[in-house]
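Peer 1: Could you have a look at this structure, given as structure tokens, before my questions?
The values are calculated or read from the model by the stated rules, or taken from the named source; none is laboratory data. Everything quoted here is computed from the prediction, not taken from an experiment. FYI the Cβ positions are ideal-geometry reconstructions off the backbone, even for glycines, and counts take in every protein chain you see. Accessible surface is based on the protein model in full, side chains and every heavy atom, while ligands, DNA and RNA are left aside. Shrake-Rupley method; radii C 1.70, N 1.55, O 1.52, S 1.80 Å.
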Amino acid sequence: MRIKRVAALAAAATLAFGLTACGGDDAGEGTGAGSKSFAAGSTMEKLNKAQKIKIGTKFDQPGFGQKGLSGKPEGFDVEIAKIIVKELGIPEDKIEFVETPSKVREDVIVNGTVDLVAATYTINDKRKERIAFAGPYYEAGQNILVKKDNTTITGPDSFKDGTKKVCSVTGSTPAEKIKEYVKDVATQVVLFDTYDKCRDALKGGQVDAVTTDNVILLGYIAKDEASFKLAGENFTKEPYGIGVKKEDTAFRDFVNDTLEKAFADGSWKKAWDDTAGKFGAELGTAPTINRY
Ligand code: GLU
């Protein structure tokens, strides 16, 4: 008798929950314009009504955003973006991913080419002058990639002798930081627009090293373990944020809430385990969201 009553209560609860989750009308699997309601005039409402979204990410960074045979980018940034899109009530197949190299990230947010950027994007004050960041959702650190048989580069100080060339990407924080270590920027620092070009230059012997965040370099090592290794320890902290329009505080709050929910419900960890987590970097504990 008692067991029956408990079961009936559980069934009723499931039914009630199911209806709430679907929001009644045309919801299907929790997506669709009718499945969520957002404040009138908000970016969330606009995107939910449009049922599509444009996201800026990298296409050449294994583990974070890399376009593979599927034709769609894959990686931790892509998974984090999908978590946000799901919370907006937009189906995953309505995401348009736009390749967004480091130096254009602020531009594409400011001019509205994309709705948000998830692209190994370090939160810093200079960038905050033009755009806003939700997050952080991960903390990386700058490191150095060398050929596996290299014994002369052991950390950033190895560039101080003025002889070794190091490659990085225009508009990135590592490209700026490494200038503090080299003797002659003009001859030692080589800049491209994407990291895969730096990797190819290292493999081809045009440069002696590549510098950027450890997790990007670990992705390249995972794809070509016979050729590359890290030289030394991380020497900066690179907290990753989601870039949104500077004035759009409501959207930033929404992304922050979504990230906190993902930290708590396991979807953040799953996103990591399915992607960059396979390449040897640690996820660590969930960072504290900075609602500045
Ligand atoms: N996290 C650094 C940055 O935002 C380096 C990685 C990148 O260029 O995407 O500049």
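Peer 1: How charged is the neighbourhood of Asp248? Take every other residue with its Cβ under 12 Å from the Cβ of Asp248, and add Lys/Arg as +1 and Asp/Glu as -1.
Peer 2: So the surrounding residues net to +1.
Peer 1: OK, next. Can you give the % of DSSP beta bridges in the chain that are antiparallel, to the nearest 5?
Peer 2: That works out to approximately 60 percent antiparallel.
Peer 1: Within region 235-292, report the GluC sites (Glu not before Pro) that DSSP leaves as loop and that have at most 11 other Cβ atoms within 10 Å.
Peer 2: Within region 235-292, the qualifying GluC sites (Glu not before Pro) (loop, at most 11 other Cβ atoms within 10 Å) are Glu247, Glu282.
Peer 1: Indicate the gyration tensor shape class of region 138-231 (rounded, prolate or oblate), computed on the Cα atoms with a ≥ b ≥ c the square roots of the eigenvalues: a/c under 1.5 is rounded; otherwise a/b larger than b/c is prolate and the rest oblate.
Peer 2: rounded
Peer 1: Continuing with the same structure: Using the Cα centre of the chain as the reference point, and only Cβ charges (+1 on K/R, -1 on D/E), how large is the resulting charge dipole? Debye, rounded to the nearest 20.
Peer 2: Charge dipole, the chain, about its Cα centre: 280 debye, nearest 20.
Peer 1: In nm, to one decimal, how far is the Lys183 label point from the Lys229 one, both placed 7 Å along Cα→Cβ?
Peer 2: Result: 2.6 nm between the two label points.
Peer 1: Tell me which of Gly162, Val78, Ala201 sits at the most positive position along the dipole axis of the chain, charges placed on C-beta atoms (Lys, Arg +1; Asp, Glu -1).
Peer 2: Farthest along the dipole direction, towards plus: Val78.
Peer 1: Between exposed trypsin sites (Lys or Arg not before Pro) in the chain, where DSSP calls loop and at most 15 other Cβ atoms lie within 10 Å, what's the longest gap?
Peer 2: 53-129
Peer 1: Okay, moving on. For region 84-166, just the Cα atoms, rotate onto the principal axes and tell me the three extents in Å, largest first.
Peer 2: That works out to 52, 29, 21 Å along the principal axes.
Peer 1: So how much accessible area does Asp200 have, in Å² to the nearest 10, using a 1.4 Å probe?
Peer 2: Answer for Asp200: close to 80 Å² accessible.
Peer 1: Per DSSP H run of n ≥ 4, the term is -39500 (n - 2.57); total these for the chain, divide by its residue number, and report the mean residue ellipticity at 222 nm rounded to 500 deg cm²/dmol.
Peer 2: Helix-only estimate at 222 nm: -10500 deg cm²/dmol.
Peer 1: Applying 1/(1 + (r/R0)^6) with R0 = 30 Å to the Cβ-Cβ distance of Lys52 and Lys261, what FRET efficiency is obtained, to the nearest 0.05?
Peer 2: 0.85
Peer 1: Skip the ligands, DNA and RNA, and give the accessible area per residue of the chain with a 1.4 Å probe, whole Å².
Peer 2: 49
Peer 1: For region 224-251 and region 134-192, write down the distance between their C-alpha centroids in whole Å.
Peer 2: Distance between centres, Cα-based: 14 Å.
Peer 1: With a 1.4 Å probe and all protein chains kept in place, how much accessible area does Leu47 have, in Å² rounded to the nearest 10?
Peer 2: My reading of the accessible area for Leu47 is about 10 Å².
Peer 1: Over the chain, what percent of the accessible surface lies on carbon and sulfur atoms, probe 1.4 Å?
Peer 2: So the carbon and sulfur contribution to the accessible surface is 53 percent.
Peer 1: In addition: Which GluC sites (Glu not before Pro) from region 55-137 combine a DSSP loop assignment with at most 11 other Cβ atoms within 10 Å?
Peer 2: Listed in order of number, the matching sites are Glu129.
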